[in-house]
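Student: Pasting in a structure now, in structure tokens, and then I'll have a few things to ask.
The values are calculated or read from the model by the stated rules, or taken from the named source; none is laboratory data. This structure is a prediction, so every number in the text was calculated from the model and none was measured. In this analysis, Cβ positions are derived from the backbone assuming ideal geometry, glycine residues included, and neighbour counts consider all displayed protein chains.
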Amino acid sequence: MEKIVSLCKRRGFIFPSSEIYGGINGFWDYGPLGAELKRNAKDLWWKSMTRLRDDIVGLDASIITHPTVWKASGHLETFADPMVDCLLTRKRFRSDQIDPQSGLVHHYTGARDEAGGKGSTEAYSVLLPPGKPSESARKVAIEYYRQRGVENPVLEGERTEKVEGTTRYNPENGSLLTEPRMFNLMFKSHAGPVESDENVVYLRPETAQAIFVQFKNILETSRQKVPFGIVQIGKAFRNEINPRNYTFRSREFEQMELEYFIKPDEVVEKQAGSVTALPEDGVKGEPQADWGWQLWHAYWLEERLKWYESIGLSRDTLDLYWQKKDELAHYAKATVDILFQFPFGSQELEGIAARGGFDLTQHQEVSGKSMEVFDQEAQARYVPHVIEPSAGVDRLVLALICNAYDEEEVTDEKGNTEVRTVLRFHPRVAPVKVGVFPLLRNKPALVAKAKEVRDLLRQHMNVFYDDAGAIGRRYRRQDEVGTPFGVTIDFDTIGENGPENEGTVTLRHRDSMKQERVAIADLPALLLAQVQ
Ligand code: GAP
């Protein structure tokens, strides 16, 4: 991970936000290459979800909505994490992320001052892993009482207790933690010039709710009928207690969410006679009228896995995690998470939840506006149910970078070996698709031809023109940022070595480093076939 973070900074993929002021925890900026990579990922998702399908349409809603949206959705009540603080360092943790620990707890009833000054009767305790001497617990406890105003603490009432699987102590220093308190993750602000309780608003913690709130408007204007979906890509904000693992858990991030509206199973049964059971080997083929929520859920899982594969995340880099009953969100009937094998562990990229009729029913009840549809085919009136594939753009970008990162030993023509760092991005997501290089920068005919090739290609894709340094170094620079193709304009191109290769260039492939001669006129079609 360290190498990846360093490369991202050095080559302009990702920077800490407001770095000149020391940065701000949980916020990141995407530099020139990161911005391109992110845009490619979002464009490919949008294209596969909307333009290549008849049954899904898009939405671009405001980030701030009426605050009642978050009351109806349950976020005001339940979108909270349990938080604990270290009693010694005040460092904050999510209590459900603390790994259970075992060892010997040293309890103290308080401390008196050696010189007869102020003492403390506050109880405190420290957990030591097996084998550590009691003296280390005493040191931590003395520091604790010092911080509470006891100048020269003499510990009182020491007793020890063996414990197993506790999460009540700071894993870094053994200090007791505070009791867990719930902490709502939504960022609050005020709409308008007065900061009063009446105009509190929230930055959306997910893009999904605006889709539910606009369900009726979209249904009425898009001429869709159930089953159909609405997608949105946009910023979401969560005041995470512990942002961590680089951009993986941020406080500001982007989501790509689909809310796919389906008929409730009882309506499917009425219309089709029965609801098809989920086949053991998964769901195959096109959606059918007798699919209930389980088949739709399985269908979307398969669609999403295929999409990840199409941008270079093969199935063996992904894991599936089916949430257990007690882990499911209050609204979910089933949720499967798609995990990517990051260097810091296999972690969630996307969740696919079967949300039932929860969201539309809630908004119907709280707003008093009907969310029902009348289904001509089924001759039924109902509130649609929902399957929700919800992915994080930032996590995807991080997964793409981690997946692409490679180092290999290469030997040059002179027999020298060196380590080549290469980002093996799928050409579809690569931030730069092709590097264009005149062999020499001081030969006007080469430079003019190279600029012609650059101008031809950049109508279709992102091109990087580079004429600085030896050609080998230029290739390496592009390898390091994952540019899949390099085009070199040499003396053959301009006909100086005879007519047979005039109008051709060297096309170099990043992964194999193989080179071939290609006619300039064939380049756009040849490259487009790979990068689109
Ligand atoms: N509408 C459902 C929903 O928001 P979620 O599992 O909380 O579900 C969906 O979030 C996706 O958003 C996650 O799978 C993840 O990719 C991304 N995500 C959530 N919290 C994030 C965070 N703090 N930083 C970066 N991405 C995050």
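Student: So is Phe374 under 30 Å from Glu220 (Cβ atoms), of a type in the set (Phe, Trp, Tyr) and away from the ligand (no atom under 12 Å from the Cβ) or not?
Tutor: Against the criterion (under 30 Å from Glu220 (Cβ atoms), of a type in the set (Phe, Trp, Tyr) and away from the ligand (no atom under 12 Å from the Cβ)), Phe374 qualifies.
Student: Now for a separate question. Among the strands (runs of 3 or more DSSP E) lying completely within segment 377-418, list those that include at least 1 residues that are under 30 Å from Asp29 (Cα atoms), within 12 Å of the ligand (Cβ to nearest atom) and in contact with a Lys or Arg (Cβ under 8 Å, 6 or more places away or on another chain).
Tutor: The strands (runs of 3 or more DSSP E) meeting that bar are 385-392.
Student: If you don't mind, there's one more thing I want to ask. Looking at segment 504-522, which of its residues are surrounded by 15 or more Cβ atoms within 10 Å (Cβ to Cβ) and more than 23 Å from Glu480 (Cα to Cα)?
Tutor: Thr504, Val518, Ile520
Student: Among the residues in segment 421-435, are any free of Cβ contacts under 8 Å to residues at least 24 places away in the same chain and either within 16 Å of the ligand (Cβ to nearest atom) or farther than 30 Å from Trp300 by Cβ (or both)?
Tutor: No, segment 421-435 contains no residue that is free of Cβ contacts under 8 Å to residues at least 24 places away in the same chain and either within 16 Å of the ligand (Cβ to nearest atom) or farther than 30 Å from Trp300 by Cβ (or both).
Student: Tell me, yes or no, whether segment 202-215 has at least one residue that is touching a residue at least 60 places away in the same chain (Cβ under 8 Å) and in contact with a Pro (Cβ under 7 Å, 6 or more places away or on another chain).
Tutor: Taking every residue of segment 202-215 in turn, at least one turns out to be touching a residue at least 60 places away in the same chain (Cβ under 8 Å) and in contact with a Pro (Cβ under 7 Å, 6 or more places away or on another chain).
Student: Let me ask another. Within segment 224-261, track down each residue that is among the hydrophobic types (A, V, I, L, M, F, W, C) and under 20 Å from Lys38 (Cα atoms).
Tutor: Selection gives Val231, Ile233, Ala236, Phe237, Phe248, Phe253, Met256, Leu258.
Student: Do any residues in segment 112-131 that are among the polar types (S, T, N, Q) have Cβ atoms under 6 Å from those of residues that are surrounded by 11 or more Cβ atoms within 10 Å (Cβ to Cβ) and part of a loop (DSSP other than H, G, I, E, B), where the two are at least six apart or on different chains, and which pairs are they?
Tutor: Filtered contacts from segment 112-131: Ser120/Arg148; Ser120/Val150.
Student: Just to be sure, is Leu258 more than 16 Å from the ligand (Cβ to nearest atom), buried (at least 20 other Cβ atoms within 10 Å of the Cβ) and outside any loop (DSSP other than H, G, I, E, B)?
Tutor: Answer is no for this residue.
Student: Something else about it: Can you tell me how many residues in segment 17-59 are exposed (fewer than 15 other Cβ atoms within 10 Å of the Cβ) and either within 16 Å of the ligand (Cβ to nearest atom) or of a type in the set (Phe, Trp, Tyr) (or both)?
Tutor: Residues meeting the conditions: 4.
Student: Another question, then. Count, please, the residues in segment 333-355 that happen to be over 16 Å from the mean Cα position of the chain (by Cα) and surrounded by fewer than 19 Cβ atoms within 10 Å (Cβ to Cβ).
Tutor: So the count comes out to 2.
Student: Still on this structure, please answer the following. Can you run down the residue pairs with Cβ atoms below 8 Å, 6 or more apart or on separate chains, where the first is in segment 484-500 and touching a residue at least 40 places away in the same chain (Cβ under 8 Å) and more than 29 Å from Ala430 (Cα to Cα) and the partner is in a loop (DSSP other than H, G, I, E, B) and among the acidic types (Asp, Glu)?
Tutor: The qualifying pairs are Ile494/Glu502.
Student: Scanning for something within 16 Å of the ligand (Cβ to nearest atom), basic (Lys, Arg) and touching a Leu at 6+ places or on another chain (Cβ under 8 Å), does segment 238-250 turn up at least one residue?
Tutor: Within segment 238-250, one or more residues are within 16 Å of the ligand (Cβ to nearest atom), basic (Lys, Arg) and touching a Leu at 6+ places or on another chain (Cβ under 8 Å).
Student: Checking the conditions here, which among Ser175, Ser136 is buried (at least 16 other Cβ atoms within 10 Å of the Cβ) and either under 26 Å from Asp99 (Cα atoms) or basic (Lys, Arg) (or both)?
Tutor: Ser175
Student: When Leu320 is evaluated against the numbered criteria (1) crowded, with 20+ Cβ neighbours inside 10 Å; (2) out of contact with any Phe, Trp or Tyr (no Cβ under 7 Å at 6 or more places or on another chain), which criterion, by number, is the only one it fails?
Tutor: Looking at each condition in turn, Leu320 falls short on (1).
Student: I'd like to verify a number: residues in segment 294-335 that are in contact (Cβ under 8 Å) with a residue 12 or more places away in the chain, over 30 Å from Asn40 (Cβ atoms) and part of a helix (DSSP H, G or I), how many?
Tutor: 2
Student: Tell me the residue from Val267, Val226, Val231 that is more than 21 Å from Pro389 (Cβ to Cβ), more than 10 Å from the ligand (Cβ to nearest atom) and buried (at least 17 other Cβ atoms within 10 Å of the Cβ), please.
Tutor: Answer to the check: Val267.
Student: Any chance you could count how many residues in segment 337-352 are without any contact (Cβ under 8 Å) to a residue 40 or more places away in the chain and either in contact with a helix residue (DSSP H, G or I) (Cβ under 6 Å, 6 or more places away or on another chain) or not in a strand (DSSP E or B) (or both)?
Tutor: Going through segment 337-352 one residue at a time, the tally reaches 1.
Student: So, in segment 183-223, of the ones that are farther than 27 Å from Glu259 by Cβ and surrounded by 12 or more Cβ atoms within 10 Å (Cβ to Cβ), which residue ends up nearest to the ligand (Cβ to nearest atom)?
Tutor: It comes out as Phe183.
Student: Moving on. For the subset of segment 501-524 comprising residues that are without any contact (Cβ under 8 Å) to a residue 40 or more places away in the chain and hydrophobic (A, V, I, L, M, F, W, C), which member is nearest to Asn442 (Cα to Cα)?
Tutor: Ranking the qualifying residues of segment 501-524, first place goes to Leu507.
Student: Given the conditions (1) at pLDDT below 95; (2) out of contact with any helix residue (DSSP H, G or I) (no Cβ under 8 Å at 6 or more places or on another chain), and given that Phe27 satisfies all but one, which numbered condition is not satisfied?
Tutor: Evaluating Phe27 over (1) at pLDDT below 95; (2) out of contact with any helix residue (DSSP H, G or I) (no Cβ under 8 Å at 6 or more places or on another chain) leaves (1) as the failure.
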